[in-house]
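Here is the structure we will look at.
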Amino acid sequence: MATRSTFLTDELNDYITARFSSETDELRVLNTEAEAEGIPAISISPEQINFLQMMLHSISARNVLEIGSLAGYSAIAMARALPHDGKLYACEFLPAHAAFIRRKVSQLGLDSVITVLEGAALDTVSVLFDSTDIVFDAVFIDADKPNYSAYLDLVLPRVRRGGLVIGDNALAWGEVARSATTTFEPHNVQALDAFNTRMSTHPQLLSTLVPLGDGMVVGIKVA
């Protein structure tokens with residue numbers, strides 16, 4: 001009989017965070033300032049930063065696309081894992097949030113690295129693709145859940161072979177295994193379940209689900 005994965009308790013989660021967090025003072029300040037401006041405190045966890053940075057380093061990423069940037073917490077964290085001439089495009093729908101990100105990017109001296117694309121990501125990314133021939137090493141999706149699969153279909157042709165697609169909230173707040181019967185945001189839970197299934201069965205991807213934070217499904221483009 002195969003060994004089952006160890007259940008991640010609060011105590012084990014704290015253990016992981018204590019040893020594998022990559023949260024810096026600048027990111028802690030960013031979260032505090034974002035909350036003070038009314039931006040929801042729903043950024044990824046400190047140990048997820050570590051994981052994203054490790055993944056970017058492992059593939060020597062230079063060009064990264066983030067869909068759903070909120071206050072710029074994960075965008076800035078990922079930018080710190082890029083080389084000096086790296087580029088990260090951060091998609092954010094809400095104008096107030098996009099303005100906050102731009103201000104923090106400027107304060108941190110990352111203007112040459114991070115470009116904020118304001119508006120609906122399906123539109124802004126399509127415009128980017130129409131105007132450039134850019135190919136991405138990694139794409140991180142953490143936006144409106146019903147569009148996750150549409151984002152995958154849009155970006156995958158512009159991800160290089162050996163590049164990564166990573167989707168956050170893959171565990172859907174613990175509801176994904178009962179997506180058909182859940183009463184907690186069923187439209188979001190069912191969309192995440194559909195995205196997980198698409199990632200796990202896509203012929204161009206080799207994928208797995210990493211239970212950090214609210215879960216991250218990670219696919220490497222193999223074909």
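A few notes on this one:
- Some residue of the stretch 29-45 being in contact with a strand residue (DSSP E or B) (Cβ under 8 Å, 6 or more places away or on another chain), under 26 Å from Ser149 (Cβ atoms) and in a helix (DSSP H, G or I): no
- Within the stretch 70-86, the set of residues being without any contact (Cβ under 8 Å) to a residue 60 or more places away in the chain, on the phi < 0 side of the Ramachandran plot and touching a helix residue (DSSP H, G or I) at 6+ places or on another chain (Cβ under 9 Å) comprises Ala71, Tyr73, Ala75, Ile76, Ala77, Ala79, Arg80, Ala81, Leu82, Gly86.
- Odd one out for Asp130, checked against (1) under 18 Å from Asn63 (Cα atoms); (2) surrounded by 13 or more Cβ atoms within 10 Å (Cβ to Cβ): (2)
- Members of the stretch 78-100 that are more than 19 Å from Leu52 (Cα to Cα) and assigned to a helix (DSSP H, G or I): Pro95, Ala96, His97, Ala98, Ala99, Phe100
- When Glu23 is tested against (1) touching a residue at least 60 places away in the same chain (Cβ under 8 Å); (2) assigned to a loop (DSSP other than H, G, I, E, B), just one condition goes unmet, and that condition is (1).
- Test: residue in the stretch 137-148 that is of a type in the set (Phe, Trp, Tyr), surrounded by fewer than 24 Cβ atoms within 10 Å (Cβ to Cβ) and either touching a residue at least 40 places away in the same chain (Cβ under 8 Å) or touching a Pro at 6+ places or on another chain (Cβ under 9 Å) (or both): no
- Verdict on Val155 being within 14 Å of the chain's Cα centre (by Cα) and of a type outside the set (D, E, K, R): yes
- Residue tally, condition surrounded by fewer than 10 Cβ atoms within 10 Å (Cβ to Cβ) and under 14 Å from Gly213 (Cα atoms), over the stretch 1-37: 4
- Qualifying residue in the stretch 44-66 (condition: in contact with a Cys (Cβ under 9 Å, 6 or more places away or on another chain), crowded, with 22+ Cβ neighbours inside 10 Å and touching a residue at least 12 places away in the same chain (Cβ under 8 Å)): yes
- Check on Val125, closer than 23 Å to Pro211 by Cα, under 17 Å from the mean Cα position of the chain (by Cα), in contact (Cβ under 8 Å) with a residue 12 or more places away in the chain and surrounded by 21 or more Cβ atoms within 10 Å (Cβ to Cβ): no
- Some residue of the stretch 197-205 being surrounded by fewer than 18 Cβ atoms within 10 Å (Cβ to Cβ), closer than 23 Å to Glu47 by Cα and at pLDDT 95 or above: no
The values are calculated or read from the model by the stated rules, or taken from the named source; none is laboratory data. Note that the structure is a prediction, hence the values are computed from the model and not measured. Cβ coordinates were reconstructed from backbone atoms using ideal geometry, including for glycine residues, and neighbour counts include every protein chain displayed.
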